[in-house]
Structure formats: C-alpha cells, structure tokens
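Nothing in this text is a laboratory measurement; each read-out follows from the coordinates by a stated rule. Just so it is clear, the structure is predicted and the values come from calculations on it, not from any experiment. Note that each Cβ is placed from the backbone with ideal geometry, even for glycine, and that neighbours are counted across all protein chains shown.
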Amino acid sequence: MVLEKYLPEYQFNEVHKIVVEGSTEDCYKASMNLDLSKSGIIAFLFRLRGLPFSNTHLAALTKDMRFTLLEEIQYTEFLYAFWFKSQPEWITDKEEFMRGSSCYNAKVGWSFNFVEKGNGKTEIITETRVFCLNRKTKLLFSIYWFFIRPFSGLIRIQMLRLIKKELEK
C-alpha cells in the first residue's frame, strides 16, 4: 500500500469503501476519469468551501488543489499528496515528503486502492491521512477536522457512488 509507504504515521484519517461490479482496470480508469460535476452534493460542498471547481474531472481537480500524484501502481492504486504550510503546496521531493521536512506544518495523503474480490467485482478503498509535524498544527487541525470531516467523508462516499454508477450502468 503506497499510502503506508509515504504516511505510515498519522493523527487523522478517513476510510471509505465500496464493492463495484467491474475489473480493477475498469475501476481504476473510472476513478482517474471521474467527473465530480455529476454529483450535486459534491458541487455544493466544494462551492461552499470556496474550493476550485471549474474543471471537475478528478485528475484536473487535484492539480488545481495542488495535489501531487506521488505514486501510481497501474490498476492497483494511486496516491495524491501535498505539503501544507499556510496552504497546500506541491511535492517536489518524494524522499523529503517521507521523512517529513521541518519547514512544513503537515503532510496529507489521499489514496485509492482497487482489490479484486472475484466474480467480476472489485473493492475500491479510498483513504485520507494527515500527519501534523508540530503540536500547534495538530491542535488547529483537530478543530478544523472536527467540523470538516463529515463533509469530507460525504464527498468521498459520493465519489465512490459515482464510480459504481458509472461502471454498473
């Protein structure tokens, strides 16, 4: 699991799963090409938070939000991540991200895993992890997470449902 490689330690996380009729390859491709505009809930929550939502495909949206595609194992999993100082920042050095640079306040990882379940079914697992690199950030993030976690989780659940709907139509 690449998330374990880059963020083995974390103080905050959120996991969501769904079983979908489709191969790992089909699920992987559907996830990478996911159009979030097909969910009114996601559109509303992004606009409510003032997040960029002009290009609603997952790959473009993560780029707009400064997520770096840190690692990808084709048809098995992919990991987006970013550093956080006062706002999200691109990752330019994977090794530094794994070590945890003292010039940043937190590191965030968001993965999708695709597990073959047999009978043409795949389990899609999405997990977000956050590791705060100092006490002040951890305290401030815990307050933020208390309020944002239910909505962040709802977005992930809606994403999984969109993938399922796309593949099972």
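Projecting label points 7 angstrom from Cα along Cα→Cβ for V19 and K94 puts them 3.3 nm apart. Residues S142, S111, S152, arranged from fewest to most other Cβ atoms within 10 angstrom of their Cβ, appear as S142, S152, S111. For G22, the residues whose modelled amide H falls within less than 5 Å of its own, excluding neighbours fewer than 5 places apart on the same chain, are K121, T122. Along each principal axis, taking the top coordinate minus the bottom one, the Cα set of the stretch 2-167 gives 47, 33, 25 Å in descending order. Using Cβ point charges alone (K and R +1, D and E -1), the dipole size of the chain about the Cα centre works out to roughly 760 debye.
Helix 135-167 and the longest principal axis of the C-alpha atoms of the chain enclose an angle of approximately 10°.
Set the Förster distance to 22 Å, then compute FRET efficiency between W145 and D35 from the Cβ-Cβ distance, nearest 0.05. Using R0 = 22 Å, I get an efficiency of 0.20. With θ taken as phi - 60° and the Karplus curve 6.51 cos²θ - 1.76 cosθ + 1.60 applied, the whole-hertz 3J(HN,Hα) list for the stretch 9-20 is 10, 7, 9, 9, 7, 8, 10, 9, 9, 7, 9, 10 Hz, x standing for glycine and proline. Were the residues from N134 through Q74 laid out at 0.36 nm apart, the gain over their Cα-Cα distance would be 18.2 nm. 3J(HN,Hα) couplings calculated from phi for the stretch 90-98 with the Karplus curve 6.51 cos²θ - 1.76 cosθ + 1.60 (θ = phi - 60°) are, in sequence order, 4, 9, 9, 9, 4, 5, 4, 4, 5 Hz; Gly and Pro show x. Placing a label point 7 Å from the Cα of A59 along the Cα-to-Cβ direction, the residues of the stretch 1-27 whose backbone N falls under 16 Å from that point are 25-27.
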